1. For segment 108-125: of the residues being crowded, with 20+ Cβ neighbours inside 10 Å and within 17 Å of the chain's Cα centre (by Cα), which is nearest to residue 42 (Cα to Cα)?
2. Filter segment 84-107 down to the residues that are out of contact with any strand residue (DSSP E or B) (no Cβ under 7 Å at 6 or more places or on another chain) and either buried (at least 19 other Cβ atoms within 10 Å of the Cβ) or not in a loop (DSSP other than H, G, I, E, B) (or both) and list them by number.
3. Which of the residues belonging to segment 33-47 are surrounded by 14 or more Cβ atoms within 10 Å (Cβ to Cβ) and either modelled with pLDDT of 90 or more or within 15 Å of residue 192 (Cα to Cα) (or both)?
4. Which residues, counting only those in segment 56-83, are assigned to a strand (DSSP E or B), within 16 Å of the chain's Cα centre (by Cα) and over 14 Å from residue 192 (Cβ atoms)?
5. Which is modelled with pLDDT of 90 or more, more than 27 Å from residue 203 (Cβ to Cβ), in contact with a strand residue (DSSP E or B) (Cβ under 9 Å, 6 or more places away or on another chain) and not in a helix (DSSP H, G or I), of 148, 177, 172?
């Protein structure tokens, strides 16, 4: 049976996606730890199936200003990944390297954006490499496109794809736990990823792993 929409995914599929996320997040934590010269641990990621409105509310509501990094996927897997980062994520990264804090994401300058873009490369590359290492599939990623806007506007881009894959998207909730809180309120920093693959690509992924759809 071929996938007609995301709602056909079951508990086994979510377990697989969670494990891929766990491997990818672990790889990202190792890379970020070297880059930032501090210990970074991870929590087990959660994978949810959310519709557009639920995704927006989960990110703090339609008017909450966030940073979105859109990454295109091409090759054996086609689609897009949208990382949505809150102000405390950016603050933690900037403080670790530049000793800098911002009051609002709109204060990010060109150097800050370039640095955050490199973080996006690490996050996306780690997740894609996890898929490739488990399946042998070849996946190319685009350079992250960064936007700073209200959550409702940021999610408008993947929302265009929602109609093609059903009413829901894969919402992956990651947490990085810093050994040193580095001047922020909490040492646990969340990174939310919305995965919008083509349904045929999901079929390819699960088929390579011997999972029925």
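The values are calculated or read from the model by the stated rules, or taken from the named source; none is laboratory data. Being a predicted model, the structure only gives us computed values, none of them experimental. In this analysis, Cβ positions are derived from the backbone assuming ideal geometry, glycine residues included, and neighbour counts consider all displayed protein chains.
1. Among residues in segment 108-125 that are crowded, with 20+ Cβ neighbours inside 10 Å and within 17 Å of the chain's Cα centre (by Cα), the one nearest to residue 42 (Cα to Cα) is 123.
2. Those that are out of contact with any strand residue (DSSP E or B) (no Cβ under 7 Å at 6 or more places or on another chain) and either buried (at least 19 other Cβ atoms within 10 Å of the Cβ) or not in a loop (DSSP other than H, G, I, E, B) (or both): 87, 91, 93, 94, 95, 96, 97, 98, 107.
3. Correct list: 42, 43, 45, 47.
4. 72, 73, 79, 80
5. 148
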